[in-house]
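One structure is given below, encoded as structure tokens.
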Amino acid sequence: MADSTLTLESEIRLRLAGRAGFEHGPGPHDLTVRLAHATDVPAAVAELGAAGLTLAMLVATDEEATAERDLKVRYIFEPGVGTTLPRPDTFVTLVAALDPAHPQLPSIAANVPAANWHEREAQDLFGIVFTDHPEPNSLVLHDGWPRGLYPLRKRFDARQRPVVEPAEEFPHLRVEGEGVLEVPVGPIHAGIIEPGHFRFSTVGERILHLDPRLFYTHRGLEKRVEGLTAGDAFYVVERICGVCSVAHGLGFCEATEQIAGVEVPSRARAIRTLALELERLYNHVGDLGNIAAGASYHYGTSAGARMKEALQQLNERLTGNRFLRGLVTPGGVRLDLTSELVQSIEGVLAATAEGLENLMNRIENAPSVLDRLDTTGILARQDAINLGVTGVAARASGVDRDARRDHPHAAYADAAGPRVAVVTETDGDVHARLTLRVAEARESLRLIRALLSGLPSGALCAAVPGVLPPWGIGLRAIESPRGAAVHWLRADGAGRIDRYHLRSASYANWPAVPLAAQTAIIPDFPLVNKSFELCYSCTDR
Amino acid sequence: MLLAMLRSLRTGVVTIRYPAQSTQPPVRFRGEPQITTGKAFTALPPASVCPAGAISGGSGEPRYAIDLARCVFCGRCAEHALDGAIAMGREFELARRQRVGLVVEVECDAAGLTTARPSAPEGEQVAERIRRILGHSLQLRHLDSGSCNACDWELTALLNPVYDVRRLGIDVVASPRHADGVLVTGPVTRNLETAVRRTYEAVPEPRVVIAVGACAASGGIVGRSYASAGGVGEVLPVDVLIPGCPPRPEAIIFGLLLAVGRLRERRSRAP
Ligand code: SF4
């Protein structure tokens, strides 16, 4: 265990002495802190914040049927951006136990904005009341969902289908004043886009305020996997999001492997990493085209789409699926690399590298395009930190975090594995997010080449037991194309899935979009939105 | 500007000629899971092997069926079958007019071997009828009813320079009022059910509903639950189902042409 982890741990023990019990876990470098009284949550959260930790997510569980007969809320923390690099790779879990008859907790959302959605989600799905929440409206369950029915409680039968009531006006902030106009958009949009509802308050073209309503694509997938074996649940998790299939599938696999204590062979870890970077590459390259579309630069739209298409065709040659589905599996990978495929990868990489530089060159020399990108949709660094923003959106605003370095996974965890050079920008506007993606695409190209030149030989997959050790917990973070995705998994008494929770990068980043929109005009909103490129399906699950 | 034109000329034509020319997906592509006839019936894996619930029968029952509308093309059944009793084929032109047309079924014969059941006839004639109704172009409105976005991205790919469906008279339009029908992706979530109905109702008649991908066609891996209706068919009348998780762009083109009944016509004109 690194010295910095030990120092952090002793500081936490000191700060919370007398108020909590401590144990290691779920990971070997992680710490679990059990609070004696749930009412102590705000004070304990403040202490953890003072120790340099930031909130990654909340996980609620229904443990009424277990010996503990309670509901639990786990606040998962990680070292914040203020921590000196290299940051200790550790998660700190603060556990609060609640009375299942009156599950109630003081809200921390006023002081920790990143907790806002998490608390509302636990309120909708578990019926936990967060007192003094600044915005206690429902989040996940929409129109006419019956009161007192909480789908993630164990006693709720997932096959139950309450009637769909007609849509109601959702509570949103009303901006009043002379000339203020409210523009509702969505949930169904005029293009091939995922569904979300946006309520703009505008004066002329300027956006004063934006209230988004999401969770239209809530498919109940976390409930869907409960009771399944990890092997079956994997196929569901791999399909939470199309364009993060590798990242999410891998996070679930690593959580499973952590619970089962399985060591994944080094060749499999290298191939998984290759897939992660190919996924990042086709996403980033595609986003370049999408941002060009948002800026009405049609040459760029076509060039980006064509490069992305070549990469997706490569995906299909490698894995039989254009979204790289079917490669990662619990224990390792299902498919090997042949020398023919390696050649195929190298060819596509060379063409992508050339196309990327050409396109960037043209964009940087097109004043009419730059005019749209510069100073549009600015996300301030401090806002990004307060909201716990991650990935491209964070790094483009000068927030230096990347789970490949901060929570090493796949081959990044190997002593001999590749090391990612984390890139940041400072302006936090659309242009910064575009430039950053290009820099990261170049880094992905370098990493893939490095992986190919040093592929370890050996097995592709280790055996994973059909049933997991009872009540084992896995907690893993993966740097997806959109940023860190955090997976929490627990087995039940029979070794099947008791609870799985995913905090995707998009979930963490969505609340930043309305802030960035405040420096934009309505016609630029699609551009701002595309520069964040957040996904609805892995937010809504 | 001039440079851009020169560059375009150097790139040449990147657009494929499907469906006029057939295409062969790569070797690893997982298309239709095919049940090999004449193998021991007991070599088929138990239905529980399928994570999407696409397999029924077996274990005592003398029939065994794979519902391609549910299938997510993971390849697990083929991996668990003995003696190659199921093989992942490369067939991707799987779109059909009816759900029954998507069920691959075998029986156990007296010798304990798998034998084919006469498959349900598929209605090219029905597609003909749609063509007569709609004429030669097809303007569609995309309707995301809760997809994972993979199907959506494949619809976007149809408009890229490689697939360019506009060359076939097919386009995706901004308003349902300008559309001949809807292209639905996703299993219809509870939170979108009202929006799905309303968008459909905004399309002038006659209109077609095309279910793109496993979720839209049957609920797919999502299934039916408190949050999901379990497929577009539960909410709207469906005209064409396109299996796949997601269907590759050419598979969607096949489905779209089936929808306009133009497939045969295009093929007979092929050089
Ligand atoms: S390939 Fe299709 S039928 Fe076979 S196991 Fe996978 S989802 Fe089920």
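Observations
- Segment A:123-133 - residue that is open to solvent by less than 10 Å² (accessible area, probe 1.4 Å) and in a helix (DSSP H, G or I) and, of those, farthest from A:ARG74 (Cα to Cα): A:LEU125
- Being modelled with pLDDT of 95 or more, under 19 Å from the mean Cα position of the chain (by Cα) and either away from chain B (no Cβ under 11 Å) or under 18 Å from A:GLU533 (Cβ atoms) (or both) is a condition met by at least one residue of segment A:256-270.
- When segment A:193-212 is filtered for residues that are without any contact (Cβ under 8 Å) to a residue 60 or more places away in the chain, open to solvent by less than 40 Å² (accessible area, probe 1.4 Å) and within 14 Å of chain B (Cβ to nearest Cβ), only A:HIS197 remains.
- Counted residues, segment B:138-169 - those being more than 7 Å from chain A (Cβ to nearest Cβ), assigned to a strand (DSSP E or B) and surrounded by 22 or more Cβ atoms within 10 Å (Cβ to Cβ): 3
- Condition broken by A:ARG362, with the remaining ones in (1) open to solvent by less than 30 Å² (accessible area, probe 1.4 Å); (2) within 14 Å of chain B (Cβ to nearest Cβ); (3) touching a residue at least 40 places away in the same chain (Cβ under 8 Å) satisfied: (1)
- Given (1) in a loop (DSSP other than H, G, I, E, B); (2) away from every other protein chain (no Cβ under 12 Å); (3) buried (at least 24 other Cβ atoms within 10 Å of the Cβ), index of the condition A:VAL243 fails: (2)
- Qualifying positions in segment B:80-105 - open to solvent by less than 20 Å² (accessible area, probe 1.4 Å) and either within 13 Å of the ligand (Cβ to nearest atom) or modelled with pLDDT under 85 (or both): B:ALA81, B:ALA85, B:ILE86, B:GLY89, B:LEU94, B:LEU102
- Every residue from segment B:180-221 that is away from chain A (no Cβ under 11 Å) and assigned to a loop (DSSP other than H, G, I, E, B): B:ASP180, B:VAL203, B:PRO204, B:GLU205, B:PRO206, B:ARG207
- Here is the figure for segment B:61-96: residues that are more than 14 Å from every other protein chain (Cβ to nearest Cβ) and either in contact (Cβ under 8 Å) with a residue 12 or more places away in the chain or assigned to a strand (DSSP E or B) (or both) total 18.
- Subset of segment B:110-137 that is of a type outside the set (A, V, I, L, M) and modelled with pLDDT of 85 or more - its residue that is nearest to the ligand (Cβ to nearest atom): B:THR114
- Residues that are in contact (Cβ under 8 Å) with a residue 40 or more places away in the chain and not in a strand (DSSP E or B), drawn from segment A:10-39: A:GLU11, A:ILE12, A:GLY25, A:PRO26, A:GLY27, A:HIS29, A:ASP30, A:ALA38, A:THR39
- Subset tally (residues that are at the interface with chain B (Cβ under 9 Å from one of its Cβ atoms) and more than 17 Å from A:VAL528 (Cα to Cα)) for segment A:279-302: 2
- Flag for A:GLY326 being more than 11 Å from every other protein chain (Cβ to nearest Cβ) and at positive phi: no
- All conditions in (1) hydroxyl-bearing (Ser, Thr, Tyr); (2) at pLDDT below 95; (3) out of contact with any Gly (no Cβ under 9 Å at 6 or more places or on another chain) hold for A:TYR282, with the sole exception of (2).
- If you check B:PRO243, B:PRO187, B:PRO249, B:PRO204 for being open to solvent by 10 Å² or more (accessible area, probe 1.4 Å) and in the same structural domain as B:ARG141 (by TED's automatic domain parsing), only one passes: B:PRO204.
- Among residues of segment B:8-60, those that are more than 14 Å from every other protein chain (Cβ to nearest Cβ), away from the ligand (no atom under 16 Å from the Cβ) and within 29 Å of B:ALA157 (Cα to Cα), counted: 5
- Test set (1) open to solvent by less than 20 Å² (accessible area, probe 1.4 Å); (2) among the hydrophobic types (A, V, I, L, M, F, W, C); (3) more than 30 Å from A:THR32 (Cα to Cα) - A:LEU460 fails condition number: (1)
- Filter result (open to solvent by less than 50 Å² (accessible area, probe 1.4 Å) and assigned to a loop (DSSP other than H, G, I, E, B)) within segment B:40-52: B:LEU44, B:PRO45, B:CYS50, B:PRO51, B:ALA52
- Checking each residue in segment B:61-79 for being surrounded by 16 or more Cβ atoms within 10 Å (Cβ to Cβ) and either within 9 Å of the ligand (Cβ to nearest atom) or β-branched (Val, Ile, Thr) (or both) picks out B:ILE66, B:ASP67, B:LEU68, B:ARG70, B:CYS71, B:VAL72, B:PHE73, B:CYS74, B:GLY75, B:ARG76, B:CYS77, B:ALA78.
- Filter result for the condition that a residue is on the phi < 0 side of the Ramachandran plot and open to solvent by 20 Å² or more (accessible area, probe 1.4 Å), over A:ALA115, A:ALA110, A:ALA96: A:ALA110
- Considering segment A:394-413, the residues that are open to solvent by less than 10 Å² (accessible area, probe 1.4 Å) and among the charged types (D, E, K, R) include one that is farthest from A:LEU475 (Cα to Cα), namely A:ARG395.
- In the condition set (1) open to solvent by 10 Å² or more (accessible area, probe 1.4 Å); (2) within 14 Å of chain B (Cβ to nearest Cβ), A:ILE497 is compliant with all but (1).
The values are calculated or read from the model by the stated rules, or taken from the named source; none is laboratory data. Since the model is a prediction, treat every value here as computed from it, not as a measurement. Note that we place each Cβ from the backbone using ideal geometry, even for glycine, and neighbour counts take in every protein chain shown. In case anyone asks, the SASA skips ligands and DNA or RNA and just uses the protein heavy atoms, side chains included. Shrake-Rupley method; radii C 1.70, N 1.55, O 1.52, S 1.80 Å.
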